[in-house]
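A short reminder: the numbers here are calculations on the coordinates, not readings from a lab. Predicted model, so just to flag it, every value in this text is computed and none were measured. Cβ placement follows ideal geometry from the backbone for every residue including glycine, while neighbour counts extend to all protein chains displayed.
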Amino acid sequence: METFLRDGKSMLLAYDQGFEHGPSLDFNDRNVDPAYIMEIASKGGFNGIVFQKGLAEKYYDGRVPLILKTNGKAGLAKGEPNSRRNCSVEYAVSLGAKAVGYTIYLGSQFEGDMFHEFGELQEAAHERGLPAIAWVYPRGQGVTNDTSKEIVAYAARVGLELGADAVKIKYTGDPQTFSWAVKSAGKALVYMSGGPKAPTDEDFLNQVRGVMQAGATGLAVGRNVWQNEDPIKMANYLRQIIFEKKPVESVIRA
């Protein structure tokens, strides 16, 4: 994961939402264009960009290290989630990827299939010197609160035990409870999932500040940057909080 770190911290730009949610929910006339996102990743000083393989084939230009997302599911089917692999490690390498990512829906009746696929992916990635990052999202009939202290820590621990080099998990809402998830992840790096667009910039920045106070490595963010009216300004705010440990108030009012 050293490729994606600066002083042990990291800020990744995620753009796999078009596959997961469809273009109508998240995109406008600007951010529907992957080339625009590539510009944000470069000019915003991000340590990595997350693309599905089709976007990487057509838009990735090498300016920012690539994390190739190797599975995904569409948002139309109902029922228990199951996200299957659609890209090999070999092909990810051919596209210039420096890491591979995979989503696991912990709590789904299909979680075993995803555990198995991630296990194979992790081994293949490590054979080629690439880190494997697990998006671990508790979801399914058995999950009633996917941001509780216990469930988020469980997600982090599953990622560690499956061999993930880093886990992308949801925020519990405060540094004290999220610190348990960070401890549960052990030597696996912890990234907060950026999630849906927050009500205000300050709300989101406070979440990021709390995550960093809890000992996380950083943030894998999408909509809260590229849906922002000024994505580069938001990226600047995030860099100050993540790398310079500045309080939110001083960042916004500077």
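Only Cα sites of the chain enter the Debye sum here, all with the same form factor; the resulting log10 I(q)/I(0) across q = 0.07, 0.10, 0.13 1/Å is -0.21, -0.43, -0.76, listed in q order. With unit charges on the beta carbon (Lys/Arg positive, Asp/Glu negative), name the residue among Leu160, Val32, Met114 whose Cα is farthest towards the positive pole of the charge dipole of segment 27-176. Projecting each Cα onto the dipole axis, the largest value belongs to Val32.
Count the net charge of all other residues whose Cβ sits under 13 Å from the Cβ of Asp7, scoring Lys and Arg as +1 and Asp and Glu as -1. Charge balance near Asp7 sits at +2. Projected onto planes of every orientation and averaged, the convex hull of the alpha-carbon atoms in segment 37-105 covers 5.1 nm².
Across segment 200-205, rounded Karplus estimates of 3J(HN,Hα) from the backbone phi angles (6.51 cos²θ - 1.76 cosθ + 1.60, θ = phi - 60°) give 9, 4, 4, 4, 5, 5 Hz, Gly and Pro being marked x.
Backbone N atoms of segment 187-209 closer than 11 Å to the 7 Å Cα→Cβ label point of Glu2 are not found in any residue. Roughly speaking, what is the centre-to-centre gap between segment 136-184 and segment 10-28 when only Cα atoms are used, to the nearest Å? Answer, in whole Å: 21. Rounded to the nearest 20, the size of the Cβ-charge dipole of segment 2-253 about its Cα centre is 380 debye, with Lys and Arg at +1 and Asp and Glu at -1. Counting neighbouring Cβ atoms within 10 Å and putting the fewest first, the residues Glu111, Glu117 line up as Glu117, Glu111. Computed over neighbours whose Cβ is under 14 Å from that of Gln240, the net charge equals +3, Lys and Arg +1, Asp and Glu -1.
Neighbour counts of C-beta atoms inside 10 Å place Phe4, Phe19 in the sequence Phe19, Phe4, starting with the fewest. Placing R0 at 22 angstrom, the Cβ-Cβ distance between Ser148 and His126 gives a FRET efficiency of 0.10 after rounding to 0.05. Normalised by the number of residues in segment 1-101, the average gap of Cα pairs under 8 Å and 6 or more apart makes the relative contact order 28 percent. Each of Met114, Met234 was scored by other Cβ atoms within 10 Å of its Cβ. Listed from fewest to most, they are Met234, Met114.
Among the lysines of segment 1-143, pairs that are 8 or more positions apart or on different chains and have alpha carbons within less than 25 Å of each other number 17. Under 14 Å of direct C-alpha separation, and excluding same-chain neighbours fewer than eight residues apart, Lys183 reaches these aspartates and glutamates: Glu150, Glu161. Any idea which of Ile104, Gln213, Gly173 is furthest toward the positive side of the dipole for segment 2-253, if Lys and Arg beta-carbons carry +1 and Asp and Glu beta-carbons -1? It is Gln213. Springs join every pair of Cα atoms under 10 Å in this Gaussian network model of the chain, and among Pro34, Pro65, Pro131 the largest mean-square fluctuation is at Pro34.
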